[in-house]
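K.L.:
Please see the structure below; I have some questions.
The values are calculated or read from the model by the stated rules, or taken from the named source; none is laboratory data. Note that the structure is predicted; figures quoted are calculated from it, not measured. As a convention, Cβ positions derive from the backbone with ideal geometry for all residues, glycine included, and neighbour counts pool all protein chains shown. SASA here: full protein model, heavy atoms, side chains in, ligands and nucleic acids out. Shrake-Rupley method; radii C 1.70, N 1.55, O 1.52, S 1.80 Å.
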Amino acid sequence: AILVATCAVAGAPDARSADARLLAGLRGRAMYDLAEHYCDAQLAREDLDPLRRAELTIELARTLAEHAAGDETDARNRLWQRAFETTEQFAREYPDNPRLPLVRFQGALTLLAHGELARQEGQLTAAGETRFDEARTQLRAAIDQLQKLADDLELLRREQSLHPKDDPRQLSAHELATLIKRIEYELARARRNQAESYPAGSADRVNSLTEAVRLLTPLVRLDATDPICWP
């Protein structure tokens, strides 16, 4: 099984919005078409609140990715592509949305989930090398997206520390710090999957595993109360 992580940086499951609870229920019943239709209908509204638009975009991308992960038909690649393009389109159309970093994060997670699943299938199916090639392509893209987002968030965090903004819609300093740690964890996950797509003992595998360990080292030293510690 493969999970596409939600992008909420804070809050327990019972703190999720009504939209998130509804869509999680539909996904849990594999009612992906209905979930996609609900998201599309809401996102078509011109009066949609910016924060809700960002959340619904994340939920739509997650729904499409989970649908793709469980699909065995020719539609699978189309679903993966639409899941990622959903977040890319949002970034193009709403560059000033205060929750854009979360949408970009979901886009990177989509690439990572695609690559992780292809890697798993490469180890279990006869078409191993073809699936490994697909895995490496998706994982390289995920790593690039995650690293770019991490760099941008570090700049944003420094900018906010120098020029604080009293805007509750913006990610807080704590949320930014938590998100950056989560990105580091997902980068390590991507590097580990990348390593496992290469032959055992190869230099490529060793290099990717070494990078995964480097990324995880500061995370394992976090205080036990930090939200990122358990993952």
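K.L.:
Quick check on the range 69-76. Is at least one of its residues in contact (Cβ under 8 Å) with a residue 60 or more places away in the chain and assigned to a helix (DSSP H, G or I)?
P.N.:
Going residue by residue through the range 69-76, those that are in contact (Cβ under 8 Å) with a residue 60 or more places away in the chain are 69.
Now restrict to residues that are assigned to a helix (DSSP H, G or I): 69.
Within the range 69-76, one or more residues are in contact (Cβ under 8 Å) with a residue 60 or more places away in the chain and assigned to a helix (DSSP H, G or I).
K.L.:
Continuing with this model, one more query. What single numbered condition from (1) closer than 22 Å to Q170 by Cα; (2) of a type outside the set (S, T, Y); (3) open to solvent by less than 20 Å² (accessible area, probe 1.4 Å); (4) without any contact (Cβ under 8 Å) to a residue 24 or more places away in the chain fails to hold for L43?
P.N.:
(3)
K.L.:
Also: Select, from T73, T110, the only residue that is β-branched (V, I, T) and surrounded by fewer than 24 Cβ atoms within 10 Å (Cβ to Cβ).
P.N.:
Values: T110 fails: surrounded by fewer than 24 Cβ atoms within 10 Å (Cβ to Cβ).
Only one candidate passes the filter, namely T73.
K.L.:
How about the range 152-182: which of its residues are closer than 18 Å to Q106 by Cβ and part of a helix (DSSP H, G or I)?
P.N.:
D152, L153, L156, E175, L176, T178, L179, I180, K181, R182
K.L.:
Is at least one residue of the range 214-224 more than 18 Å from K148 (Cα to Cα), among the small types (G, A, S), open to solvent by less than 70 Å² (accessible area, probe 1.4 Å) and without any contact (Cβ under 8 Å) to a residue 24 or more places away in the chain?
P.N.:
no
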